[in-house]
1. Based on C-alpha coordinates, I'd like the Rg and Dmax of region 221-328, in Å.
2. Is the shape of region 38-139 best called rounded, prolate or oblate, per the rule: a/c under 1.5 gives rounded, else a/b larger than b/c gives prolate, else oblate, with a ≥ b ≥ c the square roots of the Cα gyration tensor eigenvalues?
3. If each residue of separation counts as 0.36 nm, what is the full-extension length gain between A112 and A98 once their alpha-carbon separation is subtracted?
4. When the chain is modelled as a GNM with alpha-carbon springs shorter than 10 Å, which of P200, P259, P269 fluctuates the most?
5. Divide by every residue of the chain the summed helix terms, -39500 (n - 2.57) for each DSSP H run of at least 4, and state the resulting mean residue ellipticity at 222 nm, rounded to the nearest 500 deg cm²/dmol.
6. Loop-only check: which chymotrypsin sites (Phe, Trp or Tyr not before Pro) in region 283-363 are DSSP coil with at most 11 other Cβ within 10 angstrom?
7. For the chain, which span is the longest to avoid every loop-located (per DSSP) member of GluC sites (Glu not before Pro) having at most 15 other Cβ atoms inside 10 Å?
8. What part of the accessible area of region 291-339, given as a whole %, is carbon or sulfur when the probe is 1.4 angstrom?
Amino acid sequence: MTVHELTRLQARRIAVRAQLLDSTRPTELLDVVRQLTLLQAQPTAAVAPSADLVAWSRLGSSYSPADLDRALDTGMLVELRAMIRPGADVALYRADMAEWVEGGVLSEWREAIRDWVRANDDCRLDILDRLETSGPLPARELPDSCLVPWSSSGWNNDRNVTQMLDCMVLRGEVAVTGRRGRERLWDVASRVYPDDPVVPAQQARRIRNERRLRALGIARTRGQECPVEPLDVGEAGEPAVIEGVKGTWRVDPAQVGQPFSGRTALLSPFDRLIHDRQRMLELFEFDYQLEMYKPAAKRRWGYFALPILYGDRLVGKLDATADRKAGVLRVDAIHEDVPFSKTMTSAVHREITDLAHWLRLNLALPS
C-alpha cells in the first residue's frame with residue numbers, strides 16, 4: 001500500500017476540511033453531526049455551550065440551539081456518555097455495552113468499575129425500578145442504596161448515584177433523555193435509544209474507526225486509551241507520513257489532494273479540530289490550553305478563550321464572555337499568535353460580530 005507523503009500544510013488542510021471548517025459551509029445540523037460523529041455535551045456557557053458553539057462555527061448564524069433540542073427530543077440525536085451522537089450510531093456501541101454485563105475481558109480500570117457495580121447491585125436495581133415507574137428523573141431524585149461508596153480523590157468522591165448512572169450507561173441500562181436547565185434527566189435506555197440490531201463488536205469498532213478518521217481527516221494509528229472517545233483510528237484509511245513530524249499517521253484517502261479554500265472561524269475549546277492537544281501541536285504548531293480551571297492570575301489567554309482559525313492556521317485566541325444580564329458579548333482581548341494583517345483583522349472582527357449577533361447580544365470591544 002502506498003504511504004502518502006504530506007507536508008504540514010497538506011495535513012492541516014485535510015484536518016480543517018474534514019471538520020467542515022473550510023469555505024464550503026454545511027447547511028443542516030444532522031449533516032454536521034454525522035460528519036463529526038459527535039458533539040461534546042459540555043455545559044460550560046461562558047460564551048455558549050460547546051455543542052452549540054461547534055454547530056455555529058460550521059453552520060453560522062442560521063443555526064439555532066432549538067434545532068439541537070428538537071433533534072434530541074425526536075431521537076435523531078442522542079446523548080451517550082456526554083457525547084451527542086446520531087441515534088442510529090447507538091447500534092455501534094451495544095456490543096461493548098453487553099461486555100460489561102456478560103463478563104467480557106476488560107482492562108484493569110474497567111474491571112474495578114464492574115466490581116463496584118456488582119457490590120452495589122441493589123442500588124442499580126433500585127434506580128432501574130424508580131425510572132421504570134417514574135422516569136424521566138434527575139439524579140437527585142434517584143435512591144442511593146449503595147453499600148460500598150464511590151471512592152475518589154476528586155470531586156466525585158461519595159457521589160454514588162451519579163457514578164452508578166454513568167456505569168449503567170456503559171451497561172446500556174439507562175440513558176439521558178433530556179435536560180432541565182443544566183440537570184440531566186435519566187430514563188431506562190429502552191425508552192430512549194432506537195431498537196436497531198446490534199452490530200457485532202469487531203465490525204462496530206472498525207466502523208467507528210473509519211468514521212472517526214473521516215471526521216478527523218488524519219490521525220494516529222495508536223494512542224493512549226481514552227475512556228469515552230479514542231484519539232486514534234487503528235488501521236482505518238491509509239498510512240501517511242508528515243514532513244517534520246515523527247511517526248506514521250493514517251489518512252482518509254478520499255481527502256488527499258482535494259482543493260482547499262479556507263475561512264475564518266472561532267472555535268470552542270472542546271472543538272475536535274483541537275481537542276487532541278498533541279495532534280494540534282504537531283500539525284498546527286499552536287500553543288493552547290483551556291484555562292478555566294486555573295487561578296485568574298495564572299491565565300495567559302482568559303477563562304474560556306476561543307481559538308481563532310484563519311484558513312489552515314490557528315492564529316490566536318479570543319478572550320470573550322457572554323454577559324447575558326448586561327446584554328453584551330464582552331471582548332476582553334484578542335491575542336495574536338502571529339501579527340494580524342488588515343485582512344486578517346477584518347475577518348476576525350466580522351466573525352466576532354457574527355458571534356454577538358447569533359447570541360443576540362450587543363458587542364463590547366476593548367477600548
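1. Taking only Cα atoms of region 221-328, I get Rg and Dmax of 16.7, 52 Å.
2. Working: a/c = 2.28, a/b = 1.85, b/c = 1.23.
In terms of gyration-tensor shape, prolate.
3. Numbers: separation 14, 0.36 × 14 = 5.04 nm, distance 1.67 nm.
This chain segment gains 3.4 nm when fully extended.
4. The residue that fluctuates most here is P259.
5. Details: 11 runs with 127 residues, N = 367.
Value at 222 nm, helices only: -10500 deg cm²/dmol.
6. Numbers: sites: F284, F286, Y288, Y293, W301, Y303, F304, Y310, F340, W358; in loops: F286, Y288, Y293, W301, Y303, F304, F340.
Filter output for region 283-363: Y293.
7. Numbers: sites that count: E28, E225, E235, E243, E285.
Answer from the scan: 29-224.
8. Numbers: 1280 of 2430 Å².
Summing carbon and sulfur atoms, their accessible area is 53 percent of the total for region 291-339.
The values are calculated or read from the model by the stated rules, or taken from the named source; none is laboratory data. Note that the coordinates shown come from a computational prediction; the quantities given were computed from them, not determined experimentally. Virtual Cβ from ideal backbone geometry, glycine too; neighbours counted across all protein chains shown. Accessible surface is based on the protein model in full, side chains and every heavy atom, while ligands, DNA and RNA are left aside. Shrake-Rupley method; radii C 1.70, N 1.55, O 1.52, S 1.80 Å.
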